[in-house]
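FYI, it's all coordinate maths here, none of it is from the lab. Just so you know, these numbers come straight off a predicted model, no measurement behind them. In this analysis, Cβ positions are derived from the backbone assuming ideal geometry, glycine residues included, and neighbour counts consider all displayed protein chains.
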Amino acid sequence: MNVINDFLALIITYTEWIMLFFVIGGGVFLMFYSKLKPYKYFKHAIEITAGKHDNPNDPGEVSHLQALSSAVAATVGLGNISGVAIAIYMGGPGVVFWIWITALVGMCIKFYSCSLAIMYRDNDSEGNLQGGPMYYITKGIGEKAKPLATFFCIAGLFGFLGVFTANQFTQTFMNVVKPDETIISIGEFNWKLIVGISLALITSAVIFGGLKKIAKVATTIVPFMVLVYFLAVLVVMFTNASEILPSLKLIVVEAFNFDTMVKGGFWGLVILGVRRAMFSNESGLGSAPMYHGQSKTKEPIQEGLVAMLGPFIDTIIVCTLTAIVIILSGAHLEAESNGIIMTLIAFKKSLFGYGDVLLMIIVAAFALSTLFTYSYYGVKSLSFLTNAKIGKYYNWYFVGTIIFAAVVSVDLVINLIDLAYALMVIPNMIAVLYLAPQVNKAMNLYILKLKNGSA
């Protein structure tokens, strides 16, 4: 395993600069190219999500809210809880600032990519309407670009695995429950194996039910658990109110600390922020367009605006809350372990000694919702490479890797996902940037309709 981990870490050093160029460079270009118009319609995006503009006769499988909930379910999870902790562990509090910047840029990327997901929908081999990078690459750019779509899907077979979630939930369970101390001792490895098998069984019960079942479960779990997490963090912040502003100040000051311990200096810190932000909200990755492409709508811009809310919810709000709790509790100064343990320490210290138990419950819900939704991305990737019938077999592979991830190191899991994400960004962002003029045309037309009251 160490050989594999070292190999993945080596390749990542060559791909992360490409990722930085496409996510930050491409995202900033789209912000200026759009003249910031998507941000001006933030309130309208909320109205669309609330169902104000829904038409049940529009083509698609799920509502705007269900599409957003499913996409957010895949992103609001352990990336926001342990991913932020990993970032702070590796780069200090300043990395959070670059996570914010990437999220703001990512909102514009989500707007463009998810508008394209509706604009260039197509039918799969079973006649079902589908959307996503592979479709707007082949339909938008043309068949000559099919190798880009194929490259995206092959990387997605690895990037869309739930290995990070399974690994971090197992680590949470082992540190909170401490089964070798409280229950019969059968060895740490065996306990991890049991947790992995349990996660795999629960996940199987949902993902083999298809998109509608996944969307229904995600719409039920995600809003409730985000609320519980939000309330828990508010209690921590209320009881440590005097430390909130100093924590935020520390984030901004450390963001420009040229003596950061991250390898690569200042730019290393920025890259780390981009990597963790992309892990949190997946902007530029091309995953969210797969869910948003299933929305019941004929209006691409509506779905783009709805999708734009995703990075705001899961990164600007949830990641910031996690970071503040970690920093004001002082957990970032004493945690020696990478990952969820730092967040567990922060919650335990801040919530009267029982915060780690509450966090484990929240993590369990987030972990399951992420596992439920992530499998769907992989199914669509394999379906595009083969056909819809064969694509469904991805779920078996997905479930098997949950058990594998429960027993391996967090470093191996992070390197695998980071590499796959960096590779997926390349074809997706090439297509988004190439097709951006089409989105601008549709956006200007939609804004005109809004002003005329016909949208």
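What to note about this one:
- Among 238-251, 369-382, the order from most to least packed when residues are scored by Cβ within 10 Å on average: 369-382, 238-251
- Each residue of segment 229-235 was assigned a 3J(HN,Hα) from its phi angle through the Karplus expression (A = 6.51, B = -1.76, C = 1.60, θ = phi - 60°), giving 4, 4, 5, 4, 5, 4, 4 Hz with x at Gly and Pro.
- When peptides 159-170, 419-430 are sorted by average Cβ neighbour count within 10 Å, with the highest value leading, the order is 159-170, 419-430.
- Rounded to the nearest Hz, the phi-derived 3J(HN,Hα) couplings of segment 373-378 under the Karplus curve 6.51 cos²θ - 1.76 cosθ + 1.60 (θ = phi - 60°) are 7, 5, 4, 4, 4, x, where x marks glycine and proline.
- Taken about its Cα centre, segment 298-455 carries a charge dipole of about 740 debye when Lys and Arg each add +1 at the Cβ and Asp and Glu each add -1 at the Cβ.
- Compactness of segment 315-455 - radius of gyration and Dmax, Cα, Å: 21.2, 59
- Angstrom value of the Kirkwood radius, inverse mean 1/r, which spans all Cα pairs in segment 288-353: 14.3
- In a reduced charge model with +1 at each Lys and Arg Cβ and -1 at each Asp and Glu Cβ, segment 380-455 shows a dipole moment near 560 debye about its Cα centre.
- Under-5 Å amide H pairs with Gln130, H placed in peptide plane, nonlocal only: Asp122, Asn123, Asp124
- In sequence order, segment 80-86 has phi-based couplings of 7, 9, 8, x, 5, 4, 4 Hz under the Karplus curve 6.51 cos²θ - 1.76 cosθ + 1.60, θ = phi - 60°, and Gly or Pro positions carry x.
- With N the number of residues in segment 134-176, Rg(Cα) / (2.2 N^0.38 Å) evaluates to 1.85.
- Dipole axis of segment 106-185 (+1 Lys, Arg; -1 Asp, Glu on Cβ), positive-most option in Val163, Met119, Thr150: Met119
- Sorting 84-97, 126-139 by average packing, meaning the other beta carbons within 10 Å per residue, from highest down gives 84-97, 126-139.
- Count Lys and Arg as plus one, Asp and Glu as minus one, and take only other residues whose Cβ is under 11 Å from that of Leu305; the net charge is then +1.
- Cα shape, segment 378-455, gyration tensor, a/c 1.5 rule: prolate
- What separates the Cα centres of segment 80-97 and segment 285-355 is a distance of 11 Å.
- For the residue pairs Lys144/Lys380; Lys389/Lys441; Lys35/Lys110; Lys144/Lys296, the alpha carbons lie more than 27 Å apart in Lys389/Lys441; Lys144/Lys296.
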